[in-house]
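Novice: Okay, here's the structure, questions in a sec.
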Amino acid sequence: MQTHYHTNARLIITVQTFIVLILLLVLPLSLPAQILTVKQDGTGMYMAIQEAIDAAVNGDTVLVWPGVYYENLDFKEKSLTLGSLTLTTGDIAYRNQTIIDGNYNGSCIRIIGRIGLLYPEFVINGFTLQHGNGFTGGCMRILSSKGSLIDCLIQDNESLNGSGGLSVTDTDLYLSNTIIRNNYSYSSGGGIGTGLSLIVFDSINRCSIYNNYGCLGSEIRKGNSVYPLNVYVDTFMVAQPDRYHIFAEPDSSGNTFTFDGWNHKVEQSAETLYVSPLGDNANSGLSSEEPLKNIWLALVKAKPAPGQPQTIRLSEGLYAQSANQERLPLGLKDSVSIVGAGKFETVIDAEYITHFVVGDPVFGPISLSSLSLINGLAAKYALSDGSIYVRSIEGELKFDSVRIENVTSFVKGGIFSQNVEKLFISSCNFSSIKGHPLVISNGDFNGLPLMAEVVNTIIENSLPPVSFNTPDHLYFNSIYLNTYYPYTPDNKQVNLINCQITDNIDSTNQGYVTRGAIVLNQVNANIINCSFANNRAVNSQWGASVNIQGLSTVNIYNSIFYQNQPTEFGFFAPEGNKPTVNIHNSLVLGGTNSFYEPGAGILHYDTSNIDTDPLFTGYGDFPYALSGLSPCIDAGTLELPEGITLPETDLAGNPRVWGGSVDMGAYEFNPVTIGESRLQAKTPARLVAAPNPFVHELSLTVTPKTGVPVRITVHNLLGREVARLLDQTDNRLAYTTLHWNGRGSAGENLPAGAYIISLVEDGKEVESLRVVKSVR
């Protein structure tokens, strides 16, 4: 981006050029024409402005007397001049007295021509234009036209799909002595949004543009255009705007914008900024004692020094439009992180109005952490279709300890990451989302690799997008990982580590594609210690919950795939390009019979895998934790793919690796019943078992105390005695070896799982040992 803060003589359009432009605009209107007067007291020709426009013909002037006109005007392809008495008297005071109020019922003014066929020419002079809420262009929607906007005040308008103030497309527009302020876009271009247009700012009678908000180009956004954007203003929001304030794609010379401003509203800072819902936007924001009120203003103020990332710290509390006039979605800013007070302490509520966060494009490092994002709306008409939309980010982007809950979407409901160089998601919760909770996509559009890691994250209770409730619509899945270019997935690596994907429901009506859990398309992935369970397709008897496509290579270790419907895995080989899947030390219900279209992929299924019930606890805060009878206990492996590091704790906060072994799934077993402890065993041990885990028989070496009653018992994890291996009233043995065949006292074959062997001396338990009976 080339941003200049000085006059560029080559790019200045002179006053004479302005005069020529005005003459070109006015000449067609200077032919014999009428002046149609509008007065609310009935003494003019019309009482409503639209009535006069309807009656006018090309070249006419509609002259409006003071008053508040609650109208949504449409020029209907006519070339007209619309003016208050400022037009005829030059008195700017009439601007404040002559108000066109859109009454939040659409744009205040629409001037729409026909591309390549009809370009209406207009002049609008001397109005306050407010309270419009156009779909695109809150105040004015200008398309395929030529015109001038002079001596106007454009304020307090909003737009759903971009351009809170002016939306200018395929248009030549001249702006003079006009104030554009307090306009709000739920997408891009808070004050002005433009594309394929030439906007000329009067460098003498300057406009002022400030306090507008859009997540991409808070004040101005210029889309693709061969024309330059040279901004001359009296007052702007900041002294030296960057692309957060003015986002402009390059013109035909490769320049983005030039800027020349005299005054500004907000002082920027490179220091840590503090925000509280109880703060005040008149504060400095430089300490927790003087916090700002709004996150959006902190982003405007943030100006990180080169190579020194900046942090915005949010106190606990509720941030919402109704609560503290927060403006959403938040627009991520280069090298600026947002850190809350805790996953449940800091809550950003979108109130089912809009998205949470947009970043497009941004330079990292950036993080969003320790907060909740609730009640989002990822609407199909907005800038993106993910409630958190991040695209074209160079560098590192982190989401840590973020809760995303209750989102309604038309396509992607949670995080939609597209062309992000390095993405890290850790300790996050996705819950009750209508729409794909997590989509990570990358092509070679910007030459970036795809490197993503999702750790200690739960995705649960999600449903298809709201627009997918009709039969035969697109598929739904909780996680979608894909890359389109190149066709091979080189440098496209995704790791899912210690994650839980459960109870997601697909009610769409497609066949081979995924049903509720995950799609891996053209990516290399490692799935380590994850639990996939009870993800269901309610309208299909075919397909698979985990779908692996194209030239993907997926390594699966220590994971659980249980009761996903209609089956656990499916392969898809477009144009004969088969994916490869390697599965080790995992529980797969149905084993190799759980694969839909097995011939469409290459499967390496290790003998360390098991096919049985994982015996989840099924209750409490962690229903997918392992019960003490689970065959998954100590059944994992620590021989993992190169570069994989397990987190220190599991999803319940227990040590991920204990006693040199690891369990299958996202939870490490943490017994809380008889005789169990995560403490190190006593030294020297008086109970030693081998092998452990065992299949047929266990050898137990015991060093008991002599001269006292000794009892050795076996209990299950519910505390019930299931076997007694030794019972002596007056022990005379200092050392003995016992054998246990895994059967109960009555000779019954006990189920696989964990058991506690206890040494009791003189009626007191002195040592215990956990052993695991395995099925293999």
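The values are calculated or read from the model by the stated rules, or taken from the named source; none is laboratory data. Values in this document were obtained by computation on a predicted structure and should not be read as measured data. Using ideal geometry, Cβ is built from the backbone for each residue, glycine included, and neighbour counts are taken over all protein chains shown. Just the protein is used for accessible areas: all its heavy atoms, side chains included, with ligands, DNA and RNA removed. Shrake-Rupley method; radii C 1.70, N 1.55, O 1.52, S 1.80 Å.
Novice: Among the residues of the range 317-357, what is the count of those that are of a type in the set (Lys, Arg) and in contact with a Ser or Thr (Cβ under 7 Å, 6 or more places away or on another chain)? Can you show your working first?
Specialist: Filtering the range 317-357 for residues of a type in the set (Lys, Arg) gives 327, 333, 343.
Imposing the further condition that a residue be in contact with a Ser or Thr (Cβ under 7 Å, 6 or more places away or on another chain) reduces the set to 343.
Residues meeting the conditions: 1.
Novice: Filter the range 99-108 down to the residues that are without any contact (Cβ under 8 Å) to a residue 40 or more places away in the chain and not in a loop (DSSP other than H, G, I, E, B), then identify the one that is surrounded by the fewest Cβ atoms within 10 Å (Cβ to Cβ).
Specialist: Going through the qualifying residues, I end up with Asp101.
Conditions (1) in contact with a strand residue (DSSP E or B) (Cβ under 6 Å, 6 or more places away or on another chain); (2) at pLDDT below 95; (3) not hydrophobic (A, V, I, L, M, F, W, C), marked per residue:
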site: Pro32; (1), (2), (3): no, yes, yes
site: Ile35; (1), (2), (3): yes, no, no
site: Ala56; (1), (2), (3): yes, no, no
site: Ile111; (1), (2), (3): yes, no, no
site: Thr128; (1), (2), (3): yes, no, yes
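Novice: While we're here: Of the numbered conditions (1) farther than 18 Å from Val494 by Cβ; (2) open to solvent by 10 Å² or more (accessible area, probe 1.4 Å); (3) in contact with a strand residue (DSSP E or B) (Cβ under 8 Å, 6 or more places away or on another chain), Gly576 fails exactly one; give the number of that condition.
Specialist: The number of the failed condition is (3).
Novice: State which residue is nearest to Val455 (Cα to Cα) when the search covers only the range 538-561 and only residues that are open to solvent by 10 Å² or more (accessible area, probe 1.4 Å), in contact with a Ser or Thr (Cβ under 8 Å, 6 or more places away or on another chain) and part of a strand (DSSP E or B).
Specialist: Tyr557
Novice: Do any strands (runs of 3 or more DSSP E) lying entirely in the range 330-447 carry at least 2 residues that are open to solvent by 20 Å² or more (accessible area, probe 1.4 Å) and of a type in the set (Val, Ile, Thr), and which ones are they? Break it down stepwise before answering.
Specialist: Details: elements: 336-339, 346-349, 357-359, 366-378, 388-426, 429-442.
By residue number, 388-426.
Novice: Considering each residue of the range 448-468, count those that are closer than 23 Å to Ser369 by Cα, open to solvent by less than 10 Å² (accessible area, probe 1.4 Å), modelled with pLDDT of 80 or more and of a type outside the set (Val, Ile, Thr), and give that number. Walk me through it before giving the result.
Specialist: Within the range 448-468, the first condition is being closer than 23 Å to Ser369 by Cα, and the residues that meet it are 450-462.
Next cut, open to solvent by less than 10 Å² (accessible area, probe 1.4 Å) only: 450, 452, 454, 457, 459, 462.
If we keep only those that are modelled with pLDDT of 80 or more too, we end up with 452, 454, 457, 459, 462.
Now narrow it down to the ones that are of a type outside the set (Val, Ile, Thr): 452, 462.
Residues that pass the stated criteria total 2.
Novice: Quick one: which of Leu292, Leu318 is more than 21 Å from Asp400 (Cα to Cα) and either hydroxyl-bearing (Ser, Thr, Tyr) or more than 18 Å from the chain's Cα centre (by Cα) (or both)? Explain how you work it out, then say what you get.
Specialist: Numbers: Leu318 fails: more than 21 Å from Asp400 (Cα to Cα).
Matching residue, one of Leu292, Leu318: Leu292.
Novice: Inside the range 709-735, can you point out the residues that are at pLDDT below 75 and not small (Gly, Ala, Ser)? Give the derivation first.
Specialist: Taking the range 709-735 and keeping what is at pLDDT below 75, we get 717-719, 731-735.
Once the filter is applied, which keeps residues that are at pLDDT below 75 and not small (Gly, Ala, Ser), the range 709-735 yields Leu717, Leu718, Asn731, Arg732, Leu733, Tyr735.
Per-residue answers, yes or no, for (1) under 29 Å from Gln549 (Cα atoms); (2) polar (S, T, N, Q); (3) modelled with pLDDT of 95 or more; (4) not in a loop (DSSP other than H, G, I, E, B):
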residue	(1), (2), (3), (4)
Gly620	no, no, no, no
Ser630	no, yes, no, no
Ile633	no, no, no, no
Gly643	yes, no, no, no
Leu646	yes, no, yes, no
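Novice: Can you name every residue in the range 109-130 that is open to solvent by 50 Å² or more (accessible area, probe 1.4 Å) and either over 15 Å from Asp172 (Cβ atoms) or among the hydrophobic types (A, V, I, L, M, F, W, C) (or both)? Spell out the reasoning first.
Specialist: We begin by selecting, within the range 109-130, every residue open to solvent by 50 Å² or more (accessible area, probe 1.4 Å); these are 110, 114-119.
The answer is Arg110, Arg114, Ile115, Leu117, Leu118.
Novice: Which condition number does Tyr274 fail, the rest of (1) over 30 Å from Glu396 (Cβ atoms); (2) open to solvent by 50 Å² or more (accessible area, probe 1.4 Å); (3) outside any loop (DSSP other than H, G, I, E, B) being met?
Specialist: (1)
Novice: Related question: Output the qualifying pairs, or none if there are none: Cβ atoms under 6 angstrom, residues six or more apart or on different chains, first residue in the range 756-773 and at positive phi, second residue surrounded by fewer than 19 Cβ atoms within 10 Å (Cβ to Cβ) and not in a strand (DSSP E or B).
Specialist: What qualifies is Asp762/Val708; Asp762/Pro709.
Novice: Out of Val68, Val62, I need the residue that is open to solvent by 50 Å² or more (accessible area, probe 1.4 Å), on the phi < 0 side of the Ramachandran plot and in a strand (DSSP E or B). Which one?
Specialist: Val68
Novice: Another question, if that's okay. Can you say whether Val123 is assigned to a strand (DSSP E or B) and over 15 Å from Ser185 (Cβ atoms), as far as the supplied structure shows?
Specialist: On the way: assigned to a strand (DSSP E or B): yes; over 15 Å from Ser185 (Cβ atoms): yes.
Answer is yes for this residue.
Novice: When you scan the range 514-538, how many residues do you find that are modelled with pLDDT under 70 and farther than 20 Å from Leu496 by Cα?
Specialist: Of the residues in the range 514-538, 0 are modelled with pLDDT under 70 and farther than 20 Å from Leu496 by Cα.
Novice: Continuing with this model, one more query. Can you name the residue in the range 469-502 that is of a type in the set (Phe, Trp, Tyr) and open to solvent by 10 Å² or more (accessible area, probe 1.4 Å) and, of all such residues, is modelled with the lowest pLDDT?
Specialist: Within the range 469-502, the subset of a type in the set (Phe, Trp, Tyr) is 475-476, 480, 484-485, 487.
From the residues that got through so far, the ones that are open to solvent by 10 Å² or more (accessible area, probe 1.4 Å) too are 475, 480, 484-485, 487.
On the way: Tyr475: 62, Tyr480: 82, Tyr484: 59, Tyr485: 51, Tyr487: 56.
Result: Tyr485.
Novice: Which condition number in (1) among the hydrophobic types (A, V, I, L, M, F, W, C); (2) open to solvent by 40 Å² or more (accessible area, probe 1.4 Å); (3) over 27 Å from the mean Cα position of the chain (by Cα); (4) farther than 18 Å from Glu326 by Cα is the one that Ala282 fails?
Specialist: The single condition Ala282 does not satisfy is (4).
Novice: A further question follows. Residues of the range 84-98 being over 45 Å from the mean Cα position of the chain (by Cα) and either surrounded by 18 or more Cβ atoms within 10 Å (Cβ to Cβ) or closer than 15 Å to Thr178 by Cβ (or both), which ones?
Specialist: Applying the first criterion (over 45 Å from the mean Cα position of the chain (by Cα)) to the range 84-98 yields 84-94.
If the condition is that a residue be over 45 Å from the mean Cα position of the chain (by Cα) and either surrounded by 18 or more Cβ atoms within 10 Å (Cβ to Cβ) or closer than 15 Å to Thr178 by Cβ (or both), then Ser84, Leu85, Thr86, Leu87, Ile92, Tyr94 are the ones that fit.
Novice: Does Asp54 meet the test of being surrounded by 19 or more Cβ atoms within 10 Å (Cβ to Cβ) and of a type in the set (D, E, K, R)? Spell out the reasoning first.
Specialist: Values: surrounded by 19 or more Cβ atoms within 10 Å (Cβ to Cβ): no; of a type in the set (D, E, K, R): yes.
In short, no.
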